[in-house]
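Have a look at the structure below, then the notes.
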Amino acid sequence: LQSGGVLKTSGDGQYTGDTALAGGKFSATDSQVLSGTLSITADSELAVSENYTLTLSQTGGLSLGANTLTLSGGGSFVSGGLDLDNASSKLLLNSITVDNVSTSLASLGLDVDADSTVTSLSVGHTTPVTIDPGKTLSGAITVTGGSIKLGETGMLASSVSMSGGTLDADQSMTISGALTQSGSITIDVATGNTLTYSGASLSLGANTLTLSGGGTFSNTNALVLNDADSLLSLA
């Protein structure tokens, strides 16, 4: 699909053709399965109509490469795993539910333009997550290393499970999902900004929680030092 081209499919069933997204738009208006090979070689878009699901059956999901993939339409995309595997990889979410997203390298991350859900987002590298004002990202995020860099002022409703790495807020925003830690982590809030955390109490366990950056971390519920090795470091 070249730039400006649109392939619109309808009717339940399978689309068996191989599809290379080279700047165009693939639009599914019913629940369908892509049983052929899907690849992306330029900034492109996948749209799934509301109340419908597009399923990608190829093994290994879809690697974005040095491209931006826009997901839109209000429906669900079962991808088998979208991989941000290039410094220029970017995922733009515009009213969509996607099953699985992971990082192989530091990338341009995720840009949320309308309420969307990532059922499982795995972050092991520097990954910007920009949520537009008044918009919400839901689902579950696992951070094993690197940093998740929160931009803009939208709400992060996803649960966030951290075994390492940094939660970095560059603007004032709210996290309403539950934050948990199973390793030593850092929450960094830029000077002059406030990160509001309205989720459940955060128990440190036998770990260090470092609060840094010069800004304000405003938590509704307590930070709980519940182990002899619990340490809250204010840097």
Listed by first then second residue, the pairs whose first member lies in the range 65-77 and is touching a residue at least 24 places away in the same chain (Cβ under 8 Å) and at negative phi, whose partner is hydrophobic (A, V, I, L, M, F, W, C) and assigned to a loop (DSSP other than H, G, I, E, B), with beta carbons under 8 Å and at least 6 positions apart or on separate chains, are T68/L108; L71/I96; S72/I96; G75/I96; S76/I96; F77/I96
(1) of a type outside the set (V, I, T); (2) in contact with a strand residue (DSSP E or B) (Cβ under 8 Å, 6 or more places away or on another chain); (3) outside any strand (DSSP E or B); (4) over 24 Å from G109 (Cβ atoms) all hold for G183 apart from (4)
Filtering the range 113-140 down to residues that are among the aliphatic types (A, V, I, L, M) and over 20 Å from S161 (Cα atoms) yields A114
**OP:** Please verify whether the range 97-107 includes one or more residues that are outside any strand (DSSP E or B), more than 19 Å from L150 (Cβ to Cβ) and among the small types (G, A, S).
**Re:** yes
Within the range 198-232, residues surrounded by fewer than 16 Cβ atoms within 10 Å (Cβ to Cβ), among the aliphatic types (A, V, I, L, M) and within 22 Å of T174 (Cβ to Cβ) come out as A200, A222, V224, L232
- Does the range 195-207 include one or more residues that are at pLDDT 95 or above, over 23 Å from the mean Cα position of the chain (by Cα), part of a strand (DSSP E or B) and farther than 15 Å from I131 by Cβ? yes
- Message: When you check G145 against the structure, is it out of contact with any helix residue (DSSP H, G or I) (no Cβ under 6 Å at 6 or more places or on another chain), free of Cβ contacts under 8 Å to residues at least 60 places away in the same chain and surrounded by fewer than 19 Cβ atoms within 10 Å (Cβ to Cβ), yes or no?
- Response: yes
Within the range 1-51, the residues that are hydroxyl-bearing (S, T, Y) and outside any loop (DSSP other than H, G, I, E, B) are T9, Y15, T19, S27, S39, T41, S44, S49
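The values are calculated or read from the model by the stated rules, or taken from the named source; none is laboratory data. Please read all numbers here as calculations on a predicted model, not as lab measurements. Note: ideal-geometry Cβ built from the backbone for every residue, glycine included; neighbour counts use all protein chains shown.
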